Amino acid sequence: MTPESFTDARKRLGLTQPQLAEILDVNYRTISRWETGDVSIPIPVALLIQLWVLLPESRRLVGIDAPQED
């Protein structure tokens, strides 16, 4: 997952950097570093984000109920 696709996925989920950071239990600066490419996005995180985008029903497990924009 590229930093750009990560950012796009976060926005499609309707989440801010701080909101996603809280869900993933990381500092919001970590999200920023992933999005700028300063730090590689861990594979488990990339897979989880892709799961949430592709399977909207999986979002309920973590309380994400923002609609996916196509």
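The values are calculated or read from the model by the stated rules, or taken from the named source; none is laboratory data. Quick caveat, the model's predicted, so the values are computed rather than measured. Methodologically, a virtual Cβ is constructed for each residue, glycine included, from the backbone with ideal geometry; neighbour enumeration extends over all protein chains shown. In case anyone asks, the SASA skips ligands and DNA or RNA and just uses the protein heavy atoms, side chains included. Shrake-Rupley method; radii C 1.70, N 1.55, O 1.52, S 1.80 Å.
Here is a yes/no grid of residues against (1) farther than 24 Å from GLU57 by Cα; (2) open to solvent by 50 Å² or more (accessible area, probe 1.4 Å); (3) aliphatic (A, V, I, L, M):
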{"residue": "LYS11", "(1), (2), (3)": "no, yes, no"}
{"residue": "GLU22", "(1), (2), (3)": "no, yes, no"}
{"residue": "GLU35", "(1), (2), (3)": "yes, no, no"}
{"residue": "ASP38", "(1), (2), (3)": "yes, yes, no"}
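Of the set (1) open to solvent by 100 Å² or more (accessible area, probe 1.4 Å); (2) on the phi > 0 side of the Ramachandran plot; (3) not β-branched (Val, Ile, Thr), all apply to GLY63 but (1).
Of all residues in region 12-58, those satisfying the criterion of being part of a helix (DSSP H, G or I), touching a residue at least 40 places away in the same chain (Cβ under 8 Å) and of a type outside the set (Val, Ile, Thr) are ARG12, ALA46, GLN50, TRP52. Residue check: LEU61 meets all listed conditions (1) under 18 Å from ASP8 (Cβ atoms); (2) among the aliphatic types (A, V, I, L, M); (3) assigned to a helix (DSSP H, G or I) but one, namely (1).
Working only within region 31-53, note down all residues that are closer than 14 Å to ARG12 by Cβ and either more than 12 Å from the chain's Cα centre (by Cα) or not aliphatic (A, V, I, L, M) (or both). Answer for region 31-53, where residues must be closer than 14 Å to ARG12 by Cβ and either more than 12 Å from the chain's Cα centre (by Cα) or not aliphatic (A, V, I, L, M) (or both): GLU35, GLN50, TRP52.
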